[in-house]
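For reference, the structure discussed in these notes is given below.
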Amino acid sequence: MTEIIDLHTHSTASDGSMSPAQLVRHAKDKGLTAVALTDHDTVEGISEALDEGNKIGIEVIPGIEISTNYKPEMHILGYFFDNERYLNVQKELTEVRKGRENRNYKIINRLNELGIPVTEEELKEISLSDTIGRPHFARLLIEKGYVKTMQEAFDKYLGKDGLAYFKRQELEPIDGINLIKKAGGIPVLAHPALLKMNYNDLDKLLMELKEYGLSGIEAIYSENSKEETGNLLRLAIKHELLVTGGSDFHGTYKNEIEIGIGRGNLNVPYELLEKLKSAKLSV
Ligand code: AMP
Ligand code: ZN
Ligand code: FE
Ligand code: FE
């Protein structure tokens, strides 16, 4: 039997529905042998996840997913931060989180102007942590009866063409990569297919990001078509980049995505994690 792993998941420390410990137990229940926790812009859930992994016997990989500024957004995963070197980037990460908070206030105000009463307190209650993301807004809008689905919430209000969309202050991709490296982590471009670029443009982008210090790409991803995965694997070879894979599990915030298997046929081999670990050892 092949071992199933998942290198991209979210807990209540950002916009997932399970606590870090619940998520690790869920991964174990689903038969995974390793799981990385990659919350948006925070490592707050990592120690709880590592403790639970030790307790129940599943390998937990510390990770993060940092949002950076790129037509409109590029996400960069970072694996294996060092506890000590993390202190070097704590302040920068606080700034990133402030950018999120400022954006959230703008969304709250705009929704209020549109006659939709939402408060920070309500959002924190939903998020179960201090990190509020757009999926929490979406859930609140559903609860209040303004929309029926998450998708409708993004289409009407929160997405790029929505009435309450605001871009937030974000790091540039190069700064996101540098932040991860400064913390001793391995930077990996998340879900490249979501950038919706053609093969040649992605080819050029990867050359540039590699020069900045990118180590890998998440070529295996829940939402990829077979063709997209094939192209990304080719580009990884061409640019000598590591390959990673993950579901982007968010629990009930993305009901259709299950941990490890994504929409049903995701398959991330353990061997990819071994290569990631070797890269960490040679940093
Ligand atoms: P934030 O970090 O607060 O900007 O929110 C980003 C999260 O919103 C990501 O986890 C995405 O999965 C989710 N998201 C972004 N766009 C959409 C969309 N159009 N429909 C559903 N979820 C989305
Ligand atoms: Zn998310
Ligand atoms: Fe992402
Ligand atoms: Fe994610």
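The H on the amide N of Ile4, modeled in the peptide plane, is under 5 Å from the matching H of Thr33, each at least 5 residues off or on a different chain. As a length-normalised measure over Cα pairs under 8 Å and 6 or more apart, the relative contact order of the chain settles at 22 percent. Taking every protein chain into account, the 1.4 Å probe leaves Thr119 with about 60 Å² of accessible area, to the nearest ten. Normalised by residue number, the volume inside the convex hull of the Cα atoms of region 1-100 is 107 Å³ per residue.
The Cα atoms of region 196-283 give a gyration tensor whose axes a ≥ b ≥ c have a/c of 1.5 or more with a/b no greater than b/c, which makes the shape oblate. Each peptide among 170-178, 104-112 gets the average number of other Cβ atoms lying within 10 Å of its residues, and from highest to lowest they stand as 170-178, 104-112. Taking amide H as placed 1.01 Å from N in the peptide plane, Ile66 has its amide H under 5 Å from the amide H of Asp41, Ile76, Leu77, Gly78, each at least 5 places away in sequence or on another chain. In this structure, the amide hydrogen of Leu242, modeled 1.01 Å from its nitrogen in the peptide plane, lies closer than 5 angstrom to those of Gly216, Ile217, counting only residues at least 5 positions away or on a different chain.
What is region 95-158's relative contact order, in percent, from Cα pairs under 8 angstrom and six or more apart in sequence? So the answer I get is 22 percent. Which percent, to the nearest 5, of DSSP beta bridges fully inside the chain are antiparallel? Counting only bridges with both partners in the chain, antiparallel ones make up about 45 percent. Compared with the alpha-carbon gap, the fully stretched path from Arg234 to Gln90 is longer by 48.3 nm at 0.36 nm per residue. Stretched out straight at 0.36 nm per residue, the stretch from Leu195 to Glu113 would grow longer than its current Cα-Cα span by 26.4 nm. Taking all protein chains into account, the per residue accessible area for region 15-133 stands at 46 Å² (1.4 Å probe).
Label separation (Asn54 vs Ile142): 3.6 nm, computed from points 7 Å beyond Cα along the C-beta direction.
As a fraction of the 1.4 Å probe accessible area of the chain, surface on carbon and sulfur atoms comes out at 50 percent.
Full extension of the chain between Lys182 and Glu125 gives 17.2 nm of extra length, using 0.36 nm per residue less the Cα-Cα distance. Across the chain, the fraction of Cα-Cα pairs farther apart than 31 Å, rounded to a whole number, is 24%.
List the pairs from Lys30/Lys210; Lys55/Lys144; Lys28/Lys144; Lys91/Lys280 whose alpha-carbon separation is above 30 Å, in the order I gave them.
Correct reply: Lys30/Lys210; Lys55/Lys144; Lys28/Lys144.
Between region 239-259 and region 197-220, the C-alpha centres lie 18 angstrom from each other. With contacts taken as Cα pairs under 8 Å at a separation of at least 6 residues, region 244-283 carries a relative contact order of 34 percent.
Residue by residue, region 121-127 carries 3J(HN,Hα) couplings of 4, 4, 5, 5, 4, 6, 6 Hz when phi is fed to the Karplus relation 6.51 cos²θ - 1.76 cosθ + 1.60 (θ = phi - 60°); x denotes Gly or Pro.
The values are calculated or read from the model by the stated rules, or taken from the named source; none is laboratory data. Quick caveat, the model's predicted, so the values are computed rather than measured. Cβ sites come from the backbone with ideal geometry, for glycine too, and all protein chains shown count toward neighbours. Accessible surface is based on the protein model in full, side chains and every heavy atom, while ligands, DNA and RNA are left aside. Shrake-Rupley method; radii C 1.70, N 1.55, O 1.52, S 1.80 Å.
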